[in-house]
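Derivation of every value follows stated rules applied to the coordinates shown; laboratory data play no part. Keep in mind it's a predicted model, so treat the numbers as computed, not measured. Positions of Cβ are backbone-derived with ideal geometry, glycine not excepted, and every protein chain shown enters the neighbour counts.
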Amino acid sequence: MSLDLDYFVEPIYDIIQLLSKVVDLDYLKKYNVKKYVYYLLFLYSIFMCIKYIGILIKGQTIINKSFNVYLYIALSVAKVYLAYKMLQKLNFVEGFDFYQEGTPVVTGVVAPNPTIDILVLATPDRVLPGKKIRYNLQITNVGNVPARNLVVVDKVPDNTTYVSADNDGKYRGDFVSWDDIDLNPGEAISRSFEVYVDEDIDPAITEVTNNVYFAYNQV
């Protein structure tokens, strides 16, 4: 004898589907008829289990010698358990078509990472020897977490002489630096410094190059 509950439920469910052709199908969907079929099977299995145990206790004579009361008790208990597990599954799913799987939704997980973007602008873009160049640094945290203790270092270009820096910029050797900067995600600040182009610059040199560096701690 098979323990597959669909062996018992499917014929009943087929009848319900035939009846659905002459009744409101939305009603069946709303009240999840198949779940109630399992409820009936669950209760029926409990009833039969109690019945067979009663037969065993009373020691009643069974006319059909092929009837094995112990086997039927075991089968009834198994049906009770399987019906209960199926009801547990159905209780988590709403609607008539409980066996249909919906489209999964995938959400990406992004690693926390401060990303510093520095744009350097030079004013003017063309200059004579002995004239001043102003470098403006636009510093932005385009990452998703704060950058702490950011240090920005800009090398004074070759063939120029340092003049000054804003926001407590420090001049050390050939470098201008700004220390202990905290930038939250999306936050932007600006820093600037000025240099003079050397008056005795080699006429063959037609441009000066600025390089900027940075380091930070992630919190």
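For this structure, a couple of remarks:
- The residues in region 128-141 that are in a strand (DSSP E or B) and touching an Asp or Glu at 6+ places or on another chain (Cβ under 6 Å) can be counted, and the count is 4.
Here's the yes/no breakdown for (1) assigned to a strand (DSSP E or B); (2) of a type in the set (K, R):
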{"residue": "G143", "(1), (2)": "no, no"}
{"residue": "V152", "(1), (2)": "yes, no"}
{"residue": "P157", "(1), (2)": "no, no"}
{"residue": "V163", "(1), (2)": "yes, no"}
{"residue": "N167", "(1), (2)": "no, no"}
{"residue": "V176", "(1), (2)": "yes, no"}
{"residue": "D180", "(1), (2)": "yes, no"}
{"residue": "R191", "(1), (2)": "yes, yes"}
{"residue": "E194", "(1), (2)": "yes, no"}
